[in-house]
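Q: First, the structure itself, so that you have it in front of you.
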Amino acid sequence: MDSTEVVVNTAIRLAEELRSKAIIIAGELNSNIIETSIPVYFASRKQKNLIDHLVASSRTKEERSKETLDRIHQQATGMIEHVENASAIEFIMDEVEEGTIIGMIESKDSYAIVVHDLSDNQMVRTLKECEERISAEMLRVIMKVAFDISNTGREGKQIGTAFIVGDVEEVMMRSHQMILNPYTGQEDEDKNILDKKNWESVKEFAQLDGVFVISEEGMIEAAGRYLDVDARDISVEKGLGGRHVSAAAITRDTVSIAITVSESGGVIHIYMDGKELLHIESAQRAIRLN
Ligand SMILES: Nc1ncnc2c1ncn2[C@@H]1O[C@H](COP(=O)(O)OP(=O)(O)OP(=O)(O)O)[C@@H](O)[C@H]1O
């Protein structure tokens, strides 16, 4: 048995003993040798080459070994975070149940097995903070649509959009239409974002300028809405523009939550009380292997 098989078998045994909800593979591990009834996912991630970096930047022997250790530490932490984030995303997407997740990591130089409990997951815990304002189901649905927009865009083009959820009356008072509101006069059943059949039209209208305004119950009141807010004191991540700043600002002025998808990079941000609560860099979904 080679070392890969030993690691894989150990991880599977651990997953079975801990009654894990999923196994997530990160790195280049050969997934063909995994046999288990526990769902197995592959979460891809581009890794910087450790050796290339060292050749390019090292000086003395001491500096080189310190740099090696720092890089190994960074790489390991990065991979663990990657498994944690992939677990949280699949949990948000209803793919994985709450519980223990086993991560199997193969980096250029080593193997690692990660045991992660979703109830300790920072992303999952942060999302729970939003539940003071909107239901878990609503948040999950909007995140699903946001992930879809982030991953696939529209007609091969990356698009950006924002969903302002909750406190509709106040949000509507502090905003105006940029274009004709496509939801005016629509039946309730066609405005409900909780109903999957309406997601296609949401993705279509996500191409419009402006934002969506959605009630706590999931009714889309408007698309193509311009937020009239004073965003001078709002700080958002560098590189983000008017839509993100104003989405953050409206959550300071009203009891709403903003979920944004950036046009460049498809990064998802959640804002509450004028501040960033969460950002998800890589919205790429893990792939189920069994
Ligand atoms: N206050 C606002 N309310 C609603 N929409 C806005 C507001 N300001 C800008 N937008 C819209 O957001 C779109 C993108 O603008 P901008 O690039 O400045 O924002 P951004 O935060 O970088 O968002 P994106 O990542 O989607 O590009 C513009 O088409 C504009 O119509």
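The values are calculated or read from the model by the stated rules, or taken from the named source; none is laboratory data. Remember, it's a predicted structure, so these values are computed and weren't measured experimentally. All Cβ positions, even for glycine, are placed from backbone atoms using ideal geometry, and neighbour counts span all protein chains on display.
Q: Kindly check whether there is at least one residue in region 98-114 that is modelled with pLDDT of 90 or more and either within 16 Å of the ligand (Cβ to nearest atom) or closer than 30 Å to LEU240 by Cβ (or both).
A: Looking through region 98-114, none of the residues is modelled with pLDDT of 90 or more and either within 16 Å of the ligand (Cβ to nearest atom) or closer than 30 Å to LEU240 by Cβ (or both).
Q: Among the residues that make up region 72-85, is at least one of them within 16 Å of HIS269 (Cα to Cα) and either more than 19 Å from the chain's Cα centre (by Cα) or touching a residue at least 60 places away in the same chain (Cβ under 8 Å) (or both)?
A: Yes; the residues of region 72-85 include at least one that is within 16 Å of HIS269 (Cα to Cα) and either more than 19 Å from the chain's Cα centre (by Cα) or touching a residue at least 60 places away in the same chain (Cβ under 8 Å) (or both).
Q: Let me ask something else. List the strands (runs of 3 or more DSSP E) inside region 105-191, counting only whole elements, that have at least 3 residues being more than 17 Å from the chain's Cα centre (by Cα) and surrounded by 15 or more Cβ atoms within 10 Å (Cβ to Cβ).
A: Output list reads 111-117.
Q: Pull out all pairs, ordered by first then second residue, where Cβ-Cβ is under 6 Å, the residues are six or more apart or on different chains, the first lies in region 224-253 and is assigned by TED's automatic domain parsing to the domain that holds MET272 and outside any loop (DSSP other than H, G, I, E, B), and the second is near the ligand (Cβ under 6 Å from one of its atoms) and hydroxyl-bearing (Ser, Thr, Tyr).
A: LEU227/SER246
Q: Residue by residue through region 229-252, note down the ones that are under 19 Å from ARG174 (Cβ atoms) and more than 7 Å from the ligand (Cβ to nearest atom).
A: ASP230, ALA231, ARG232, ASP233, ILE234, VAL236, ALA247, ALA248, ALA249, ILE250, THR251, ARG252
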